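The values are calculated or read from the model by the stated rules, or taken from the named source; none is laboratory data. Remember, predicted model here, so these are calculated numbers, not experimental data. Glycine also receives a Cβ, built like all others from the backbone with ideal geometry; neighbour counts cover every protein chain displayed. Quick note on the areas: whole protein, heavy atoms, side chains included, nothing else; ligands and nucleic acids left out. Shrake-Rupley method; radii C 1.70, N 1.55, O 1.52, S 1.80 Å.
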Amino acid sequence: MCQAQRVFGRRLCTIGDTTGARRRSSSLWTDWASAPAAPSPHDKLIPRRRHMLRSFRIGSAVRSTTPGRSADRIYSSFTEKLANPAHRLQSYVSSSHDPYLNLSIEDHILHNTPADSTVLFLYVNRPCVVIGRNQNPWTEVNLAILNAARGTHSPKDSEPPGIGSMDLVRRRSGGGAVFHDEGNLNWSIKCPRGDFTRDKHAEMVVRALRKMGIERARVNTRHDIVLDQGHERHVSDAQDTHQTPYTVPEGELPRPLKVSGSAYKLTRQHALHHATLLLSSPNLHIIPQYLRSPAKEFIQAHGVESVSSPVANIGLDVQPFQQHLQAEFATMYAELGTPSIVETVGDDYLNMPEIRKGYDELQTEDWIWSQTPAFSLTLDSKDDIGIQMKVHHGAIKSLDFENLDLRDETRTALRTALVGLKLHEIRNWASFLQCRMPSWDKSLVPVAQRLDQLLPVPELPKR
């Protein structure tokens, strides 16, 4: 019943295996199958990562940079190609696994292409958690285990296997929290706003999957890609990307398993639609640990909440599917002609000032934490520490107490120390309060311990 394959030395379940595939998480973005690339003049600028995705041909020849050209010319050429109205159909693959860089290249594509152009961009990120622009990291992510490799949290919380310290990334588009790793392929399409629908490009991905034998793949009513788990095969229109021979009525069992979640960003003339695709994540079984926050039930938040769904791996390697997806993209937009640009971009594009600016912005404390919509943390006095904290743009705006064990002068001192402060400035509540309070009250020990549990601020990796 279970058709399995080995990827990265770990057993991954394909569409026929539902027992090992059912795991809960929000949505996911992950994937990576590597192939060594030939040396490039870019290698002299910034060292390449060991594993890279190759450019390949679709129709016209791959355009590559010419040895001897200056770095400035190489990078200006990239922007010129994007902006050239003659290049209405373009396709790029990133050889970088840096999530901040890939999202910055994606944003550069969005803002430097003509309104009527359509661009496909494919990339794979190292393990990281990515939240939507309007999300609260304290409700969406188990922040305490992002530092697992630094010894700041018990390693058992990220085993097996221990992933190590991970990036927390806030993207520029909306949508929910997702987990990326080498088993997830991120696909992104920039197109004219008038051509955009939430199903259009998900349907394109489903067609590519079906051509590789994944007949259970379809687009559901939430615009996600799922694998149907029905046991009986029924007659179905093979061209219908919203139904398969194994589809069961909505709400009935067995539930389909989610393999792709998407988000989008709209500007006046452009649309950016990007999504994950779980092909062969080696971390499927521990993803829920990262996307389940212990503070969620105590926080009342504005902004976007993620929707939890059972997920699965599709069971395909990244590179072959990547090629099929580029071919399907070319077929879908054949009326625009053959893609005039088919290239690989990578770590050296960080030398472009516009991309570097976006890259640096995504890693600032203000972007990661202060973009958080307003929220309040309520811990009642009956079975908790009796505090209500209101936070706006990551800064503490008010502090109220129901804890009768705290003296009036202690409450006043707490307000003085905390109100107006940004949460990300507090890495350890006990140490911080001991330094800020005029006198240490032992009744503050459980308060500090509880706030450390619910409002941690991890030290993010420095790359």
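Can you find even one residue in region 73-96 that is at pLDDT 95 or above, within 17 Å of VAL169 (Cβ to Cβ) and touching a strand residue (DSSP E or B) at 6+ places or on another chain (Cβ under 9 Å)?
Yes: one or more hits.
Cβ contacts < 9 Å: first residue on the phi > 0 side of the Ramachandran plot, restricted to region 277-306; second residue surrounded by fewer than 20 Cβ atoms within 10 Å (Cβ to Cβ) and among the aliphatic types (A, V, I, L, M), any location; separation 6+ or different chain. Result?
GLY303/ALA374
Of all residues in region 55-72 being among the hydroxyl-bearing types (Ser, Thr, Tyr) and at pLDDT below 50, which is surrounded by the most Cβ atoms within 10 Å (Cβ to Cβ)?
Looking at the filtered set, the residue picked out is SER55.
Determine which member of the set ARG268, ARG218, ARG198 is basic (Lys, Arg), buried (at least 21 other Cβ atoms within 10 Å of the Cβ) and closer than 25 Å to TYR333 by Cβ.
ARG218
Tell me, please, whether a residue that is in a loop (DSSP other than H, G, I, E, B) and either at pLDDT 95 or above or hydroxyl-bearing (Ser, Thr, Tyr) (or both) can be found in region 152-161.
Within region 152-161, one or more residues are in a loop (DSSP other than H, G, I, E, B) and either at pLDDT 95 or above or hydroxyl-bearing (Ser, Thr, Tyr) (or both).
Could you please let me know if VAL342 is under 23 Å from GLY174 (Cβ atoms), open to solvent by less than 20 Å² (accessible area, probe 1.4 Å), in contact with a strand residue (DSSP E or B) (Cβ under 8 Å, 6 or more places away or on another chain) and in a strand (DSSP E or B)?
No.
May I ask you to verify whether ASP366 is of a type in the set (D, E, K, R) and within 25 Å of the chain's Cα centre (by Cα)?
When the stated conditions are applied, ASP366 passes them.
Filter the strands (runs of 3 or more DSSP E) completely within region 87-145 down to those with at least 2 residues that are among the aromatic types (Phe, Trp, Tyr) and open to solvent by less than 10 Å² (accessible area, probe 1.4 Å).
Ranges flagged: 118-123.
Filter region 385-409 down to residues that are small (Gly, Ala, Ser) and open to solvent by less than 20 Å² (accessible area, probe 1.4 Å) and give me whichever is nearest to GLY420 (Cα to Cα).
My answer is ALA395.
What's the number of the only condition in (1) open to solvent by less than 40 Å² (accessible area, probe 1.4 Å); (2) among the β-branched types (Val, Ile, Thr); (3) modelled with pLDDT under 95 that VAL307 fails to meet?
(1)
Report every pair of residues separated by at least 6 positions or lying on different chains whose Cβ atoms are under 6 Å apart, first residue within region 186-207 and in contact (Cβ under 8 Å) with a residue 60 or more places away in the chain, second open to solvent by 20 Å² or more (accessible area, probe 1.4 Å) and among the charged types (D, E, K, R).
What qualifies is PRO192/ASP116.
Consider only pairs whose beta carbons are under 8 Å apart and that are at least six residues apart or on different chains; among these, list those whose first residue lies in region 346-358 and is more than 20 Å from ARG171 (Cβ to Cβ) and assigned by TED's automatic domain parsing to the domain that holds HIS111 and whose second residue is aromatic (Phe, Trp, Tyr) and open to solvent by less than 70 Å² (accessible area, probe 1.4 Å).
The qualifying pairs are ASN351/TYR75.
Applying the selection to region 310-333, what residues are more than 23 Å from GLN229 (Cα to Cα) and open to solvent by 20 Å² or more (accessible area, probe 1.4 Å)?
Matches in region 310-333: GLN319, PRO320, GLN323, HIS324, ALA327, THR331, MET332.
Look at ASP240 and say whether it is crowded, with 16+ Cβ neighbours inside 10 Å and not β-branched (Val, Ile, Thr).
No, not satisfied.
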